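Shown next, in structure tokens, is the structure this report addresses.
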Amino acid sequence: MANSCKVFSTLLAIFAVLATVAAVSADSAENEGQKVVAEEQEFVWTLDHTNYSDIISRHKMIVVEFYAPWCGYCQQLTPKYEEAASVLSSHDPPVILAKMDTTVPENAELARNYTHNGVPSIKIFRNGGKTVHDYKGTRETDGIISYLKKHAGPASLEIKSKEDAASLIDEKKIVVVGIFPELCLEKIKNFTALAEDLRVDYDFVHTLDAKFLPHGGPVDKPTIRLFKPFDELYADFEDFQVEAMQNFIEETSVPIMAILDDKPENQAFVNHFLHSPGDKVFLFLNFTTDLDLFKSKYYDLAASYKGKEANFLLGDAETGKRALEYFGLNTDQVPLIFVLAMDGTKYVERHVQPDSLAAWLKDFKDGKLKPYLKSQPIPEVNNEPVKVVVAETLEDMVFNSGKDVLLEFYRLGCKYCEEFAPVLDEIALSFENDAHVLIAKIDGTENDIPRERFEVQGFPTLYMISTAGSLSRFEGNRTKEAVIEFIQTNRGSPAPSNFAKSDLTVSEHAQTDSMKDEL
């Protein structure tokens, strides 16, 4: 389940098509003016490891940007964030915007909790930090201001007339309405608490009379009515226990068939699909040529699985190109059906036909399909000192090789991996006459990594897999001497007697290197 959670969080980042950062449009004179304003009065508070806990704990709401000075997206955001902070400082009540530099070593441990999908990462802390929400607005000044003004106000707004309902209920969005024709303090309290907790993902309103609402009949007891722009358009629910309400909202907010295309209004429903429990079924098409052939059959298939722990998405291949690439697939293989099971296992059928969808999915449910593994091609020649491992050869070369294996997880373009590459070559040469030791590497972004075995949070990451069956992660300074000692300490086979003493000498300055090129 941990593996699938990580995959889902990555997919959320990939599918967040509306969160694309716009290019900086302000000219240099305007930028200079903004710098002067920032110097004269700093509206964005600066947090670090010394004041973070104290400041967060003292505020009902505070917005924090986790950034890196070298990050181009962060640099683009900076003037817009500062301008928004200056405007919001005059809001009633004031909305506080802050920032934390994630590259400061003392801040790294705090920031790591909030930067899983990279920087810039904006979080909304509420109630002294007891709840933390992702910022889901745009990264333009006006968008930041309007989004945070809304979220600084009440979690649920009251509808007192049909005019209120028309202005507060957006027919293109999911809106949760608490209807209270009779006073019930416990139910009102629970609804308000839920609205506060889920306000980032849903709009909440409340009313005393259902007659003001656009759909549904009258009610004579407290009722939750969820409006949605798909399927049956609304659904009622009467259990005001917080967990029951949350489950109802989450389940009802997932369309029978979510649509991934270039329409911004569909993005929220894609996110609900990704957050939903159960198996995820994706069908990617060329919408221009294939949509009419597949859409109705796929919808009927999705409807037949409703309530059976499976959720469905129909995606345009061009819009979902990055998601396909993440799984090692491409647009040339569509029409393509893909399943991401609850346990993180994947299954795929390329160039699928409309009439074969149901049979293929039944075979998946019956356990008749072979799991799909994202893997680079097996190298035809693998005679360098550092051997290349891919997902398809991981079991044979690493776990079943009968050798002690030092395995590096790397990423192309990672500067730390590039700096370490010649060191790893030297280490491999040091063991070239030791038949019991294998030095190897695997691209951690182009091959599926068994997360139940390896925890890879950044690159490069080194693991030792010994002939005794132990698995050890290297945490030291990435010098030749330190890594060689790590190998000799954790190997399962005996070291040869003629191994050079110089290779076992650890640098006096070796120390833990926490520098990681984060995923």
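The set of residues in the stretch 169-190 being more than 28 Å from the chain's Cα centre (by Cα) and either assigned to a helix (DSSP H, G or I) or of a type in the set (A, V, I, L, M) (or both) consists of I169, V177, I179, L183, L185, E186, K187, I188, K189, N190.
In the stretch 471-489, the qualifying residues are those that are more than 13 Å from K403 (Cβ to Cβ), in contact with a strand residue (DSSP E or B) (Cβ under 8 Å, 6 or more places away or on another chain) and not basic (K, R), and the one that is surrounded by the most Cβ atoms within 10 Å (Cβ to Cβ) is V483. Only residues that are open to solvent by less than 80 Å² (accessible area, probe 1.4 Å), of a type in the set (D, E, K, R) and farther than 20 Å from F230 by Cα were counted in the stretch 161-178, giving 1. Inspect the stretch 317-330 for any residue being surrounded by fewer than 22 Cβ atoms within 10 Å (Cβ to Cβ), in contact with a strand residue (DSSP E or B) (Cβ under 6 Å, 6 or more places away or on another chain) and free of Cβ contacts under 8 Å to residues at least 40 places away in the same chain and give the result as yes or no. No, the stretch 317-330 contains no residue that is surrounded by fewer than 22 Cβ atoms within 10 Å (Cβ to Cβ), in contact with a strand residue (DSSP E or B) (Cβ under 6 Å, 6 or more places away or on another chain) and free of Cβ contacts under 8 Å to residues at least 40 places away in the same chain.
For (1) within 24 Å of the chain's Cα centre (by Cα); (2) hydroxyl-bearing (S, T, Y); (3) surrounded by 21 or more Cβ atoms within 10 Å (Cβ to Cβ), each residue gets a yes or a no:
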| site | (1), (2), (3) |
| --- | --- |
| I55 | no, no, no |
| M61 | yes, no, no |
| G72 | yes, no, no |
| A85 | no, no, yes |
| V95 | no, no, yes |
| T102 | yes, yes, yes |
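If only residues of the stretch 241-254 that are open to solvent by less than 10 Å² (accessible area, probe 1.4 Å) and out of contact with any His (no Cβ under 7 Å at 6 or more places or on another chain) are counted, the one that is nearest to L314 (Cα to Cα) is I249. Against the numbered list (1) farther than 17 Å from D231 by Cβ; (2) in contact with a helix residue (DSSP H, G or I) (Cβ under 8 Å, 6 or more places away or on another chain), D290 comes up short only at (2).
Does M257 satisfy the condition of being crowded, with 20+ Cβ neighbours inside 10 Å and closer than 27 Å to S304 by Cβ? Yes. Going by the structure shown, is E158 open to solvent by 60 Å² or more (accessible area, probe 1.4 Å), assigned to a helix (DSSP H, G or I), farther than 14 Å from V200 by Cα and not aromatic (F, W, Y)? Considered against the rule, which asks whether it is open to solvent by 60 Å² or more (accessible area, probe 1.4 Å), assigned to a helix (DSSP H, G or I), farther than 14 Å from V200 by Cα and not aromatic (F, W, Y), E158 comes out as no.
Here A341, A359 are screened, and the one residue that is free of Cβ contacts under 8 Å to residues at least 40 places away in the same chain and farther than 23 Å from T288 by Cα is A359. Among the residues of the stretch 492-503, just one is open to solvent by less than 40 Å² (accessible area, probe 1.4 Å) and either modelled with pLDDT of 95 or more or part of a helix (DSSP H, G or I) (or both), namely D503. Scanning for something more than 16 Å from N383 (Cα to Cα) and open to solvent by 50 Å² or more (accessible area, probe 1.4 Å), does the stretch 458-465 turn up at least one residue? Taking every residue of the stretch 458-465 in turn, none turns out to be more than 16 Å from N383 (Cα to Cα) and open to solvent by 50 Å² or more (accessible area, probe 1.4 Å).
Within the stretch 391-398, is even one residue open to solvent by 40 Å² or more (accessible area, probe 1.4 Å), more than 24 Å from G492 (Cβ to Cβ) and outside any strand (DSSP E or B)? Taking every residue of the stretch 391-398 in turn, at least one turns out to be open to solvent by 40 Å² or more (accessible area, probe 1.4 Å), more than 24 Å from G492 (Cβ to Cβ) and outside any strand (DSSP E or B). Of the listed requirements (1) open to solvent by less than 60 Å² (accessible area, probe 1.4 Å); (2) in contact with a Gly (Cβ under 9 Å, 6 or more places away or on another chain), F338 misses just one: (2). Across the stretch 368-378, a minimum of one residue is classified as under 29 Å from the mean Cα position of the chain (by Cα) and among the aromatic types (F, W, Y). Scanning the stretch 237-251 for residues that are polar (S, T, N, Q) and more than 22 Å from the chain's Cα centre (by Cα) yields one hit, Q241. Scan the stretch 202-224 and tell me whether some residue there is touching a His at 6+ places or on another chain (Cβ under 9 Å), within 20 Å of T252 (Cα to Cα) and of a type outside the set (A, V, I, L, M, F, W, C). Within the stretch 202-224 (the criterion being touching a His at 6+ places or on another chain (Cβ under 9 Å), within 20 Å of T252 (Cα to Cα) and of a type outside the set (A, V, I, L, M, F, W, C)), the answer is no, since none of the residues qualifies. Among the residues examined, T223 qualifies as polar (S, T, N, Q) and within 28 Å of A258 (Cα to Cα).
The residues in the stretch 260-299 that are touching a residue at least 60 places away in the same chain (Cβ under 8 Å), open to solvent by less than 30 Å² (accessible area, probe 1.4 Å) and aliphatic (A, V, I, L, M) can be counted, and the count is 5. Can you find a residue in the stretch 195-205 that is over 24 Å from K136 (Cα atoms), open to solvent by less than 40 Å² (accessible area, probe 1.4 Å) and out of contact with any strand residue (DSSP E or B) (no Cβ under 6 Å at 6 or more places or on another chain)? Looking for residues that are over 24 Å from K136 (Cα atoms), open to solvent by less than 40 Å² (accessible area, probe 1.4 Å) and out of contact with any strand residue (DSSP E or B) (no Cβ under 6 Å at 6 or more places or on another chain), one finds none in the stretch 195-205, hence no. Every condition in (1) within 15 Å of D48 (Cα to Cα); (2) of a type in the set (A, V, I, L, M); (3) in contact (Cβ under 8 Å) with a residue 60 or more places away in the chain holds for A98 except the one numbered (3).
Here the strands (runs of 3 or more DSSP E) wholly within the stretch 430-487 that include at least 2 residues being within 30 Å of L329 (Cβ to Cβ) and at pLDDT 90 or above are 437-443, 461-465. For the stretch 347-374, filtering for residues that are buried (at least 18 other Cβ atoms within 10 Å of the Cβ) and within 25 Å of Y410 (Cα to Cα) leaves 2.
The values are calculated or read from the model by the stated rules, or taken from the named source; none is laboratory data. Worth saying up front: this structure is predicted, and the values here are computed from it rather than measured. Cβ: placed from backbone, ideal geometry, glycine included. Neighbour counts: every protein chain shown. SASA here: full protein model, heavy atoms, side chains in, ligands and nucleic acids out. Shrake-Rupley method; radii C 1.70, N 1.55, O 1.52, S 1.80 Å.
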